[in-house]
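Trainee: Mind having a look at this structure? Questions to follow.
Every number in this text was worked out from the coordinates using simple rules, so none of it is lab data. In this text the structure is predicted, and so the values were computed from the model without any measurement. With ideal geometry, Cβ positions are generated from the backbone for all residues, glycine too; neighbour counts draw on all protein chains shown.
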Amino acid sequence: EARIRPEPVLFFSGELEEQLRRNREMEDQMEQALADGEFVAYYQPKFNMATGEICGAEALVRWQRGPSHLYYPDQFIPLFERNGFITEVDFCVLDQTCALLRRRLDGGLPVFPISVNQSRLHLQEEGYLQRLTEMVKRHRVPPNLIELELTETAFNGLERLDELAKQLKKIGFLLSLDDFGSGYSSLSLLGGFPLDTIKLDRTFMDRALSSSRSQTIVQKVVELAHEMGILVICEGVELPEQARFLLQIGCQHAQGYLYARPIPADAFEALCRQNAPV
Ligand code: C2E
Ligand code: CA
Ligand code: CA
Ligand code: CA
């Protein structure tokens, strides 16, 4: 009977089945994984390139499934965005981030804002604001040490977002527009929302070094943002010439492999100790 199925279809459906099986397995395990603390926040430092100092960090989630399996976000975030579990993961990352900041405050160590990624799902959810507020309160962390990273798509077609953004700002959270320049409406969002930070997308950087016109665009965007009192952080800085270019056009803040990769909390804190001026 197997002979009547053409080979390519067999191959295709085999892969698809394997993907579906893996997704089902992740869905079966996700609740227990959350309870067992398998969703771990890693931290990628943000640097002031002019001074070499760490000026912040971004929390990036990893799924530690057993001692030897570390899963990256692209393997589970899309699934969790579809089934809604991303909300729990994002709050779990926020919880760990608040705890880290609390430890530093208690230890009298220097603190800086840490950003957490927020999927657009919760923004629409009833009670999001309250859950967010309760979390920082429970850790006694000032909201202005938490920066919420939203992507452009989070803003699309959300009527209440205007209102929500205002409320978040009123409580004191920082707002950051992630992947700036990767979509279409970035510039209009710059005018319309109370943003503290924009993060220039990695692809922006690639283009910037390819032609002088692209360089002009990046330069003008940076100037525009600065004139509006918005901090600019460049993502995905991998090369010294990218860093040099950014410094030339007045963008001092960067996040990228040239400086540091995302690392576990204890490694991040060790790096901060090393980085602190003596
Ligand atoms: P993102 O928010 O744009 O995060 C930056 C991604 O770029 C991270 O990948 C980071 O490791 C990577 N990166 C940083 N510097 C460099 C560089 O110099 N070169 C290159 N090639 N890559 C660099 P990661 O950690 O795999 O995260 C991927 C995406 O998953 C994130 O993109 C974000 O959209 C999502 N994500 C990660 N953690 C969370 C989370 O806790 N909640 C939600 N909702 N989404 C998350
Ligand atoms: Ca981000
Ligand atoms: Ca980004
Ligand atoms: Ca991204």
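Trainee: Hey, got the dipole for region 120-278? About the Cα centre, +1 on K and R Cβ, -1 on D and E Cβ, debye to the nearest 20?
Mentor: Value, rounded to 20: 300 debye.
Trainee: Within the chain, how many Lys pairs sit with Cα atoms under 21 Å apart, leaving out pairs fewer than 8 places apart on the same chain?
Mentor: The result is 7.
Trainee: Magnitude of the Cβ-charge dipole of the chain, K/R +1 and D/E -1, about the Cα centre, nearest 20 debye?
Mentor: 700
Trainee: While we're here: Given bins 10 angstrom wide, list per bin the percent of all Cα-Cα distances in region 71-175, short to long.
Mentor: 14, 47, 31, 8, 0
Trainee: To continue, here is another question. With an 8 Å cut-off on Cα pairs and a minimum separation of 6 or more residues, tell me the relative contact order of region 140-214 in percent.
Mentor: 31
Trainee: Using only alpha-carbon positions, what ratio does the radius of gyration of the chain give when scaled by 2.2 N^0.38 Å?
Mentor: Ratio of Cα Rg to 2.2 N^0.38 Å: 1.10.
Trainee: Additional query: What's the whole-number percent of alpha carbon pairs in region 189-278 lying beyond 15 angstrom?
Mentor: Counting pairs separated by more than 15 Å, the tail of P(r) holds 63 percent.
Trainee: In addition: At q = 0.10, 0.19 Å⁻¹, what is the log10 ratio I(q)/I(0) for region 1-138, with the Debye formula run over Cα points and no solvent?
Mentor: -0.47, -1.18
Trainee: Quick one: plug the Kirkwood hydrodynamic radius of region 54-117 (C-alpha pairs) into Stokes-Einstein at 37 °C, 0.692 mPa s, and report D in µm²/s.
Mentor: Answer, rounded: 248 µm²/s.
Trainee: If you don't mind, there's one more thing I want to ask. Whole-Hz Karplus ³J(HN,Hα) for region 90-103, in order, using 6.51 cos²θ - 1.76 cosθ + 1.60 and θ = phi - 60°, x for Gly and Pro?
Mentor: Those phi angles translate into 5, 6, 5, 5, 5, 4, 5, 5, 4, 4, 4, 5, 4, 4 Hz.
Trainee: Using just the C-alpha positions of region 113-196 as equal point scatterers, what log10 of I(q)/I(0) does the Debye formula give at each q in 0.12 1/Å?
Mentor: After summing over all Cα pairs, the log10 values are -0.32.
Trainee: Over the chain, what is the relative contact order in whole percent, taking alpha-carbon pairs under 8 Å and six or more residues apart?
Mentor: 18
Trainee: Right, next: Using only alpha carbon pairs under 8 Å that are at least six residues apart, calculate the relative contact order of region 22-71 and give it in whole percent.
Mentor: Computed value for region 22-71: 30 percent relative contact order.
Trainee: Please report the antiparallel percentage of the DSSP beta bridges confined to the chain, to the nearest 5.
Mentor: Expressed as a percentage, antiparallel bridges in the chain total about 45.
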